[in-house]
Amino acid sequence: MNEILDWLLNTVQGVDPLLRDVLAGLAIMLETSLFVGLIMPGDTVVLVAATGVQNFIDFLGLLGFVLLGSLIGESIGFWLGRLFGRPIRASKLGQKIGERNWQMADTFVETRGGIAVAISRFLPVLHSLVPVVSGMTRMRYSTFIKWTVAACAVWASAYVGVGYLARTSYEQIAGNLKFGGLVFVAIIVAFVVAVHFAKKRLEKTAERMIELGEESRAAVAGGEQIDEDIQ
């Protein structure tokens, strides 16, 4: 296993740092954009790129590009929603996502505002829809980007940090051991498992928030209907 890991790590480290950072930033920009985010494994690209980080300055460089890519991708989604939201939703691609997913994103944003923007960054499907839906609402871009920066900073720091930690642990502690590669794999697996369960927990929280929002909207709609009947 050590030989395979050595080859993989040397391959990643052999890529020019600037090119590596640009590619990682581009991948996460696409991953956070509408539709592309449903199939683009940007988190995997960032995790692999982080194993090539050589020092703290290099770490900050990759983190900066990943964060910038995230913010650009999220902003593209917001402004697409602000300018072309309805046609996008009515398009064939929009219909393939499913009206239920659009409705969930609608309710989440309308009832939770900025918190929905932050939480959605860590959830599948919603992380591509919420920026667009946010743009379709009256939410200000300043509010949207404030919550986006906070969420993306946490996300980017976690992925870049774990990739860097796994590589340095392997080189400094386990590189000379026969089964040293297991340390590298264990760190990555532990992180992936932790992310999986954290996402599941957030999904349940988001689903509950959406359910409460739908109940609230239904109650308001019912009250308005009663008023109309009385009139």
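So is Arg138 closer than 25 Å to Ile76 by Cβ, modelled with pLDDT of 75 or more and either outside any helix (DSSP H, G or I) or among the basic types (Lys, Arg) (or both) or not? It would help to see each step written out before you state the result.
Details: closer than 25 Å to Ile76 by Cβ: yes; modelled with pLDDT of 75 or more: yes; either outside any helix (DSSP H, G or I) or among the basic types (Lys, Arg) (or both): yes.
Spelling it out, Arg138 is indeed closer than 25 Å to Ile76 by Cβ, modelled with pLDDT of 75 or more and either outside any helix (DSSP H, G or I) or among the basic types (Lys, Arg) (or both).
Among the residues in region 16-35, are any surrounded by fewer than 19 Cβ atoms within 10 Å (Cβ to Cβ), farther than 30 Å from Gln95 by Cβ and at pLDDT below 85?
no
Can you tell which of Ala50, Ala90, Ala105 is closer than 27 Å to Leu212 by Cβ, among the aliphatic types (A, V, I, L, M) and more than 12 Å from the chain's Cα centre (by Cα)?
Ala105
Tell me the residue from Val130, Val117 that is among the β-branched types (Val, Ile, Thr), out of contact with any Leu (no Cβ under 9 Å at 6 or more places or on another chain) and within 18 Å of Glu31 (Cα to Cα), please.
Val117
The values are calculated or read from the model by the stated rules, or taken from the named source; none is laboratory data. Keep in mind it's a predicted model, so treat the numbers as computed, not measured. All Cβ positions, glycine included, derive from the backbone under ideal geometry; neighbour counts span all protein chains shown.
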